[in-house]
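One structure is given below, encoded as structure tokens.
The values are calculated or read from the model by the stated rules, or taken from the named source; none is laboratory data. Values in this document were obtained by computation on a predicted structure and should not be read as measured data. When we count neighbours, we look across all protein chains shown, and the Cβ atoms used for this are built from the backbone with ideal geometry, even at glycine.
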Amino acid sequence: MKNPFKKIFDMTEKETNGTEQEMEETVENTPEQPENPRIAELEKQLEESRNKYLYLFSDFENFKRHSARERLELNQTAGRDILTSLLPILDDFDRAAKNDALSEGAGLIHQKLVQLARMRGLVIVDTKPGDPFNADVHEAVAEIPAASDELKGKIVDILEPGYSLGERIIRFAKVVVGK
């Protein structure tokens, strides 16, 4: 890096006794001296090393954030496959319960299964008839003519509830929508 003030710093005390204006003229009229090529090469290498260090440092910080996010996600969704496979069983129990076909023992099993799923973080997505259809949490399996204008684009019936595990939907609620 060339320093235009080099000549000023190298001046002896005798040369610096002039006025401020003379010093400014000296700086303006100072021809730039070529730097030592070895110094220029070393400065270039230093700048490249700094850039590599900054790149590696930011890359490592991104890796740490990504790893922490993956670890958290793995903990939240560790049982997703098991719970997803249990959902049809829950649906069968719910259908049997609606039709008063459950015996007392099956009712207890159903309670335990629901309790286990809740302990593992399974949450039923809150969906009610009359709610607006939301493709982020609902799956429209049918469209029927709406009984009134109020029900157009809204949920008329819920065939299967939706479930979420943590903040992720693992099964969309299967609904009938009014058109």
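Would you pick out the residues in segment 122-137 that are surrounded by fewer than 13 Cβ atoms within 10 Å (Cβ to Cβ) and either of a type in the set (A, V, I, L, M, F, W, C) or part of a strand (DSSP E or B) (or both)?
PRO132, ALA135
Pull up segment 83-109, narrow it to residues that are among the acidic types (Asp, Glu) and on the phi < 0 side of the Ramachandran plot, then point me to the one that is modelled with the lowest pLDDT.
GLU104
Enumerate the pairs (first residue in segment 53-74 and touching a residue at least 60 places away in the same chain (Cβ under 8 Å) and of a type in the set (Phe, Trp, Tyr); second residue anywhere and part of a helix (DSSP H, G or I) and surrounded by 10 or more Cβ atoms within 10 Å (Cβ to Cβ)) with beta-carbon separation below 9 Å, excluding pairs fewer than 6 apart on the same chain, so at least 6 apart or on different chains.
none
Are any residues in segment 138-179 hydroxyl-bearing (Ser, Thr, Tyr) and outside any strand (DSSP E or B), and if so, which ones?
SER148
Go through segment 84-118 residue by residue and tally those that are hydroxyl-bearing (Ser, Thr, Tyr) and either over 15 Å from GLY162 (Cβ atoms) or without any contact (Cβ under 8 Å) to a residue 40 or more places away in the chain (or both).
2
Consider LEU46 against the criteria (1) modelled with pLDDT of 95 or more; (2) closer than 30 Å to LEU159 by Cβ: it satisfies all of them except one. Which criterion is unmet?
With respect to (1) modelled with pLDDT of 95 or more; (2) closer than 30 Å to LEU159 by Cβ, LEU46 is out only on (2).
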